Ligand code: NAD
């Protein structure tokens, strides 16, 4: 078990990559704190982990709201005394070229995808600094490295998360805290299904086009990304600091 005895907080873990990662962490011996803004989905994840013999609790919070995030972190600390691993995973999609995006829609993507990394980190870091130990994994995307049509707000936030990861690593290395980023390609989750349905007249043709851009020839599964996050969360990656881990089926280099 690679995370035996670890306490891990995962944001946006009620669905998709976050949920699959929470389940994997629990199987690897971690106690997982499942966060989501969607109470029903978050509770379901925690309960399904408990039903399979894992250790989990659900804590509701909106990662864009400082009061809500602070309370989540305080409740987690009260329950377990520490947080060893923070996976800043919660995120939303954003579609459109700059001239098509309303300012409010731009702000919401920035709030969830960037502020949603800043706030959980801000409130968890003091506890990690005090213990001189911690591991933070930030959810970026391969879109941080490549240009894709009509993804202006989304790519801006994921590029920013990668830059923030490097900056955080420099600030917190002296506290024995590692900070790395994971950069998935297109992974079939509710997030991607919704994006494809709302953005394309023919979602099947869009999926076929995405596949041709990937050296793998097929889309990823949440498990593919979860395995990468597990590697970053474990001591096996102990020499990785401030680094991007691509989990994209070869889209960046294709
Ligand atoms: P998903 O929609 O299945 O899961 C995202 C979860 O985040 C949902 O349960 C949602 O309720 C939660 N969430 C949204 N806003 C929140 C908020 N304000 N506070 C707390 N929770 C909130 O999506 P997914 O595909 O699993 O995506 C997870 C992360 O992976 C996102 O950051 C996404 O940008 C990133 N990502 C996904 C892909 C992909 O192809 N699926 C590729 C690269 C990066």
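The values are calculated or read from the model by the stated rules, or taken from the named source; none is laboratory data. What you are looking at is a predicted structure, and each value in this text was computed from that prediction instead of being measured. As a convention, Cβ positions derive from the backbone with ideal geometry for all residues, glycine included, and neighbour counts pool all protein chains shown.
Observations on the model:
- Scanning the range 1-49 for residues that are in a loop (DSSP other than H, G, I, E, B) and within 13 Å of the ligand (Cβ to nearest atom) yields a total of 7.
- Test: residue in the range 92-104 that is touching a residue at least 24 places away in the same chain (Cβ under 8 Å) and buried (at least 22 other Cβ atoms within 10 Å of the Cβ): yes
- Residue 49 meets each of the listed conditions (1) touching a residue at least 60 places away in the same chain (Cβ under 8 Å); (2) buried (at least 22 other Cβ atoms within 10 Å of the Cβ); (3) over 17 Å from the mean Cα position of the chain (by Cα) apart from (1).
- Residue match in the range 76-89 (condition: within 16 Å of the ligand (Cβ to nearest atom), surrounded by fewer than 17 Cβ atoms within 10 Å (Cβ to Cβ) and either in contact (Cβ under 8 Å) with a residue 12 or more places away in the chain or farther than 30 Å from residue 197 by Cα (or both)): no
- Residue in the range 159-176 that is modelled with pLDDT of 95 or more, within 8 Å of the ligand (Cβ to nearest atom) and either within 22 Å of residue 105 (Cβ to Cβ) or touching a helix residue (DSSP H, G or I) at 6+ places or on another chain (Cβ under 7 Å) (or both) present: no
- Residue ID - surrounded by the fewest Cβ atoms within 10 Å (Cβ to Cβ), chosen from residues in the range 52-64 that are part of a loop (DSSP other than H, G, I, E, B) and more than 8 Å from the ligand (Cβ to nearest atom): 53
- Residue in the range 130-143 that is part of a helix (DSSP H, G or I) and within 14 Å of the ligand (Cβ to nearest atom) present: yes
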